[in-house]
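**Student:** Questions regarding the structure given below will be posed in turn.
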Amino acid sequence: MVSAEDSSSIYALNVIRKLKSLRSDLSFFGTGSSFLEDEMELLYTSSDLSFVGFEEPKKLIKILKIYRRLKELSRRSDGLILFDYPGMNLRLASYAKKNDKPVCYYCAPQVWAWWTGRAKRMRNIIDRLVVLFPFEEDFFRSFGVEARFFGHPLTMILKDYISREKENFIMLLPGSRISEVRSLISVMVETSRLIRNRYRDNFRFFLVRAKSVPDEFFETVPSWIEIIPFEKRYEYMAKARFSISASGTATLELALLGVFTFVVYKVRSWVYWLAKKLVKVRNISIVNILAGSQIFPEYLQDRVHPDIIFEDFVKLYERDRLEFMEKFSREIFDKLYREDHFVRVGEYFNEVLS
C-alpha cells in the first residue's frame, strides 16, 4: 500500500480497516503517515515522499531509491492498493501488472486536467479505480478504465462537523509539503497581521500544522496565532468563517464546512511556466472546478502577496457578502455524499484481491 500525504493516509486507514473486516488473512505494508503504524508495517512516512511537481532535485533522488525498493517488494506481495501520488504510483502499477499482481487505485490522478493520454495507459495497468468526483467516473470509463464513484470520503468524515455555529475564526493552512509551507507561511502570517491590525480583537487566528513539517518552520509564528495539530483541525475549521489555504484537499474540506477560503499557490517560476503549458483547466482549486466558476478567489505566484489578499478580505468582510456560503456548502455536500463509502470501496477492491 502506498500513500504519500496525511489526507490520503486517512482514507487508507479506513480502507485497510474495512478490508481486514472482510478478510482476516490480510496484512499490509508500505508507506503513509505515522498514524497508520497500528494497521500496517510502515516502511516510509509521508515526509519521506513529500514532493511538489518538478521541484527539489535532491529529494527526487531519495524518492527514486524508495521507488526501487517498493518495486522489488511489490513482487513479493499479493496485490497493490495505491492512493493518489501518480508520479510514483502509476509506475508501480505498471510494474505490478507485468508481474501479474492485481492493482487497486484510490483517488484518481487528475489526468482530466493535464496529460490526458495517461488515461489510456491506466486501462491496462489498473484493475479497480475509485474516483472521488462524479464527473471522473464517466471520464475514465470513456477510456476503458474500470472506474467507480462511491461518493467522496470527506463527506463521511465531516458530516458530524457540518452546520456547527460559526465564530470569528480565521484558519491558516499552508499545506503538508515542506516546499509549500516554505513559500506560503510568511505570506499567511503577514496577511493575518494586517487583518489583526485593522480589526483589533475581532478575529482569532489558527494555523494547522501537518505532522510532515519540521518544527523549524513554525518558530517565527507569533504567539497570537494558535498552532493546531493536524488531527484536531476539524474542530476549529468547522467554526471558522474565513481561511487562507494552500490549494489541495483542504479547500474542499473548507467548502464542505462552509468556510470562505482564499486559495494560494506558489511554486518556482519555471515549474509554473511548465504547468501553464500542460494544465487544461482554468481554476486550480477543485472547489472552483466543481462549481464551474471561481467561488473561492485564487492567488497564483506573484499575486500571493499579503497586501493583495488583505485588500480582497476587507472588501468581502465589510460588504458582508458571505450569505451564499451555507447554501453552497450544502450543494457541494449533496453532490458528493454517498452512504457507506468505505464499505463499498472495501468490497470493490476485495473482488480482485481475493
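The values are calculated or read from the model by the stated rules, or taken from the named source; none is laboratory data. The structure presented is a predicted model; accordingly, all values stated were derived computationally and were not measured. No Cβ is skipped: glycine too gets one built from the backbone with ideal geometry, and neighbour counts run over all protein chains shown. We work out accessible area using only protein heavy atoms, side chains counted, and drop any ligands, DNA or RNA first. Shrake-Rupley method; radii C 1.70, N 1.55, O 1.52, S 1.80 Å.
**Student:** Return yes or no: is residue 38 of a type in the set (D, E, K, R), in contact with a helix residue (DSSP H, G or I) (Cβ under 7 Å, 6 or more places away or on another chain) and over 18 Å from residue 213 (Cβ atoms)?
**Tutor:** no
**Student:** Considering only the stretch 171-225, how many residues are touching an Asp or Glu at 6+ places or on another chain (Cβ under 9 Å) and on the phi > 0 side of the Ramachandran plot?
**Tutor:** 0
**Student:** Just to be sure, is residue 251 assigned to a helix (DSSP H, G or I) and modelled with pLDDT of 85 or more?
**Tutor:** Against the criterion (assigned to a helix (DSSP H, G or I) and modelled with pLDDT of 85 or more), residue 251 qualifies.
**Student:** Return the pair list, or none, for Cβ contacts closer than 6 Å from residues in the stretch 2-13 that are over 17 Å from residue 104 (Cα atoms) and hydroxyl-bearing (Ser, Thr, Tyr) to residues that are in a helix (DSSP H, G or I) and open to solvent by 10 Å² or more (accessible area, probe 1.4 Å), at least 6 apart or on different chains.
**Tutor:** From residues that are over 17 Å from residue 104 (Cα atoms) and hydroxyl-bearing (Ser, Thr, Tyr), the pairs are 7/249.
**Student:** Additional query: Please go through the stretch 107-131 and give me each residue that is in a helix (DSSP H, G or I) and over 24 Å from residue 153 (Cβ atoms), ordered by number.
**Tutor:** Within the stretch 107-131, 120, 121, 123, 124 meet the criteria.
**Student:** Ok, one more. Going by the conditions given, is residue 77 among the polar types (S, T, N, Q), part of a loop (DSSP other than H, G, I, E, B) and surrounded by 14 or more Cβ atoms within 10 Å (Cβ to Cβ)?
**Tutor:** yes
For every residue, the table says whether it meets (1) at positive phi; (2) within 16 Å of the chain's Cα centre (by Cα); (3) of a type outside the set (A, V, I, L, M).
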residue	(1), (2), (3)
49	no, yes, no
61	no, no, no
91	no, no, yes
101	no, no, yes
106	no, yes, yes
123	no, no, yes
127	no, no, yes
131	no, yes, no
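Rundown of residues vs (1) touching a Lys or Arg at 6+ places or on another chain (Cβ under 7 Å); (2) among the hydrophobic types (A, V, I, L, M, F, W, C), yes/no style:
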site	(1), (2)
78	no, no
83	no, yes
86	no, no
94	no, no
99	yes, no
104	yes, yes
108	no, yes
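**Student:** For the stretch 200-223, state whether one or more residues are in contact with a helix residue (DSSP H, G or I) (Cβ under 8 Å, 6 or more places away or on another chain), hydroxyl-bearing (Ser, Thr, Tyr) and modelled with pLDDT of 90 or more.
**Tutor:** Within the stretch 200-223, one or more residues are in contact with a helix residue (DSSP H, G or I) (Cβ under 8 Å, 6 or more places away or on another chain), hydroxyl-bearing (Ser, Thr, Tyr) and modelled with pLDDT of 90 or more.
So that you can scan it fast, the table gives a plain yes or no per residue for (1) open to solvent by 50 Å² or more (accessible area, probe 1.4 Å); (2) at pLDDT below 90:
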{"position": "290", "(1), (2)": "no, yes"}
{"position": "295", "(1), (2)": "no, no"}
{"position": "307", "(1), (2)": "yes, no"}
{"position": "314", "(1), (2)": "no, no"}
{"position": "318", "(1), (2)": "yes, yes"}
{"position": "321", "(1), (2)": "yes, yes"}
{"position": "324", "(1), (2)": "yes, yes"}
{"position": "333", "(1), (2)": "no, no"}
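Every residue, every condition in (1) open to solvent by less than 30 Å² (accessible area, probe 1.4 Å); (2) among the charged types (D, E, K, R); (3) closer than 19 Å to residue 230 by Cα, yes or no:
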{"residue": "165", "(1), (2), (3)": "no, yes, no"}
{"residue": "169", "(1), (2), (3)": "yes, no, yes"}
{"residue": "177", "(1), (2), (3)": "no, yes, yes"}
{"residue": "185", "(1), (2), (3)": "yes, no, yes"}
{"residue": "192", "(1), (2), (3)": "yes, no, no"}
{"residue": "208", "(1), (2), (3)": "yes, no, yes"}
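**Student:** Here is a further query. Scan the stretch 144-163 residue by residue and report those that are open to solvent by less than 40 Å² (accessible area, probe 1.4 Å) and of a type outside the set (S, T, N, Q).
**Tutor:** 145, 147, 149, 150, 151, 152, 153, 154, 158, 162
**Student:** Which fully enclosed helices (runs of 4 or more DSSP H) of the stretch 147-238 have 2 or more residues being touching a residue at least 40 places away in the same chain (Cβ under 8 Å) and among the β-branched types (Val, Ile, Thr)?
**Tutor:** 153-158, 178-199
**Student:** Looking only at the stretch 99-121, filter to residues that are farther than 20 Å from residue 8 by Cα and without any contact (Cβ under 8 Å) to a residue 40 or more places away in the chain; which one of those is least open to solvent (accessible area, probe 1.4 Å)?
**Tutor:** 119
**Student:** Checking the conditions here, which among 19, 92 is within 25 Å of residue 157 (Cα to Cα), open to solvent by less than 40 Å² (accessible area, probe 1.4 Å), at pLDDT 90 or above and assigned to a helix (DSSP H, G or I)?
**Tutor:** 19
**Student:** Can you say whether residue 27 is open to solvent by less than 40 Å² (accessible area, probe 1.4 Å) and either among the polar types (S, T, N, Q) or part of a loop (DSSP other than H, G, I, E, B) (or both), as far as the supplied structure shows?
**Tutor:** Spelling it out, it is not the case that residue 27 is open to solvent by less than 40 Å² (accessible area, probe 1.4 Å) and either among the polar types (S, T, N, Q) or part of a loop (DSSP other than H, G, I, E, B) (or both).
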